[in-house]
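The values are calculated or read from the model by the stated rules, or taken from the named source; none is laboratory data. Computed from a prediction, not measured in an experiment: that's the story for all the values here. When we count neighbours, we look across all protein chains shown, and the Cβ atoms used for this are built from the backbone with ideal geometry, even at glycine. For accessibility, only protein heavy atoms count, side chains too; no ligands or nucleic acids. Shrake-Rupley method; radii C 1.70, N 1.55, O 1.52, S 1.80 Å.
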Amino acid sequence: MYVERAEKEDKEQADRWQKDADGILIFTGLFSAAVAALGAVSIQDLRPNPQDTTAFYVGQIYQLLADPNISRTSILATPAQPPPFSPPTYAIWVNSLWFLSLVISLTCALLATLLQQWARRYITVTHLPRYSPHNRARIRAFFADGVER
């Protein structure tokens, strides 16, 4: 009588764990996809814009061609360099937070997967027919004590 009732309760509890983990996996999958897409867009702020570099060099060429008083030797002696690029502080913060949220989301997905594996293992171990009902009850109590902590 105890064994049947314990098996029924264990299967119901494991089912609840599995369904909770499924919900977490669905949410974290969708959330991770959205964060990855937004991160791919916002990471562009961390790189120099090639159009700015092109505009700088076109401006330099225009100044050289517009001023007839500049000699060719002075042009070659001092090549102009575009100003050094440093990403804005907000872009660093935003991308750091996107990356952090992606890591947390993937960690939650990993933990939900581990929960599913643990629930399957719980059912397998607590319902082994080769053990006597007394040993099965002890194994079940051991696992239940771990769950309550």
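Miscellaneous remarks
- Tally, over the range 111-129, of residues that are polar (S, T, N, Q) and within 22 Å of residue 28 (Cβ to Cβ): 3
- Residue count for the range 104-149, restricted to those that are free of Cβ contacts under 8 Å to residues at least 24 places away in the same chain, assigned to a helix (DSSP H, G or I) and of a type in the set (Ser, Thr, Tyr): 2
- Of all the numbered requirements in (1) under 16 Å from residue 122 (Cβ atoms); (2) without any contact (Cβ under 8 Å) to a residue 12 or more places away in the chain, residue 1 misses one, and that requirement is (1).
- One residue stands out in the range 35-54 among those that are loosely packed, with under 13 Cβ neighbours inside 10 Å and of a type in the set (Val, Ile, Thr): the one that is nearest to the chain's Cα centre (by Cα), namely 41.
- Looking only at residues of the range 97-149 that are of a type in the set (D, E, K, R) and modelled with pLDDT under 80, we find that the one that is most open to solvent (accessible area, probe 1.4 Å) is 149.
Listed here are the residues, each with its yes/no results for (1) within 30 Å of residue 138 (Cβ to Cβ); (2) exposed (fewer than 11 other Cβ atoms within 10 Å of the Cβ).
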position	(1), (2)
14	yes, no
24	no, no
67	no, yes
79	no, yes
95	no, no
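- Selected residue (criterion: nearest to the chain's Cα centre (by Cα)) from residues of the range 1-10 that are surrounded by 14 or more Cβ atoms within 10 Å (Cβ to Cβ) and of a type in the set (D, E, K, R): 10
- Residue 63 being modelled with pLDDT under 80 and in a helix (DSSP H, G or I): yes
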